[in-house]
Amino acid sequence: MDADIEFSNNECDEVEIDKEIGGDETIEEPTVGMQFSSVEEVHAYYMKYGKKKGFGVSKRNIRQDDDETVIWFCLACARGGTSKSAVANVMKPRQTVKMGCKARINTVLNVEGGYTISKVILDHTHACSSGKARHFRCFKKVDARIAKRLEINDEAGIRLSKNLKSLVVEARRYENVTFKEEECRNYIDKVRRLRLGVGGGVALCNYFEDMQKRNPEFYYKIDVDNEMRLKNVFWADARSRAVYESFRDVITFDTTYLTNAYKMHFPPFVGVNHHGQSILLGCGLISNEDADTFEWLFQSGCSV
């Protein structure tokens with residue numbers, strides 16, 4: 001039995017590495033009978049066409065067979081369909097206004113295993129501007145070359161604002177840049193999380209285990225998510241645990257102290273000794289500032 005899957009508002013939501021969307025090359029207008037080797041090739045073509053003409057592209061619906069092979073799908077103008085009521089969207093306005101635009105292409109699986117355009121609607125119900133196409137979410141992409149530079153500069157400690165400014169200078173003007181600071185920041189945040197998940201979390205665990213072998217009084221506790229990625233950490237060394245026994249009458253806890261390179265808050269537990277000096281009683285790394293996280297952190301501290 002065929003499966004129909006609808007993506008009524010599925011304009012690209014995530015920042016991805018863009019290897020397909022071209023710039024100045026001539027794009028042939030879609031016509032019935034045009035053939036492509038894969039779904040990805042059709043999508044790349046219509047994205048290029050949409051960017052050239054000045055409209056956003058969204059996946060409307062798709063039909064699959066029992067083997068999940070795509071046998072039919074539709075790509076349409078991002079302004080197709082109708083917007084939800086203003087009341088439903090008041091806290092989260094839509095980036096792209098739906099105007100019932102009918103422009104689209106339908107594509108079917110052919111006997112050679114490729115895909116053929118079976119239906120084309122070119123007319124839009126709104127004005128299109130190639131100069132403003134970059135503002136559509138589906139075109140806000142970080143290409144592979146820029147992505148690599150962002151990663152390298154981030155590891156080198158270069159601030160994102162300076163990073164982005166150099167890219168604008170290289171592109172000669174801001175209008176030539178296909179992304180904004182928000183897209184760069186989202187990409188860097190994703191890379192940092194992956195970087196920590198793959199290597200940083202393991203390295204931290206190994207370090208804590210080594211510290212505990214050197215001194216059994218070293219205490220630590222780690223909280224991970226469902227994918228075994230680091231969420232929260234608490235630790236206290238032997239000296240901090242010893243002074244806590246004598247100076248635990250007043251303890252301060254400050255989540256605004258600083259954040260690390262992965263945007264995790266570093267809240268220290270600080271006490272005061274008999275000389276009026278601040279003493280470190282324990283440390284934490286937390287990924288959120290919600291009640292569940294604080295409860296986990298305080299319970300971890302009380303277990304010392």
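The values are calculated or read from the model by the stated rules, or taken from the named source; none is laboratory data. Being a predicted model, the structure only gives us computed values, none of them experimental. Please note that ligands, DNA and RNA were not included when accessible areas were found on the heavy atoms of the full protein model with its side chains. Shrake-Rupley method; radii C 1.70, N 1.55, O 1.52, S 1.80 Å.
Values for this structure:
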| quantity | calculated |
| --- | --- |
| Of Lys148/Lys221; Lys51/Lys102; Lys48/Lys231; Lys148/Lys231; Lys102/Lys165, those spanning more than 29 Å from alpha-carbon to alpha-carbon | Lys148/Lys221; Lys48/Lys231; Lys102/Lys165 |
| Solvent-accessible area of Val111 with every protein chain in place, 1.4 Å probe, in Å² to the nearest 10 | 140 |
| Extension reserve of the Gln299-Ile27 stretch, reckoned as 0.36 nm per residue once the Cα distance is removed | 91.8 nm |
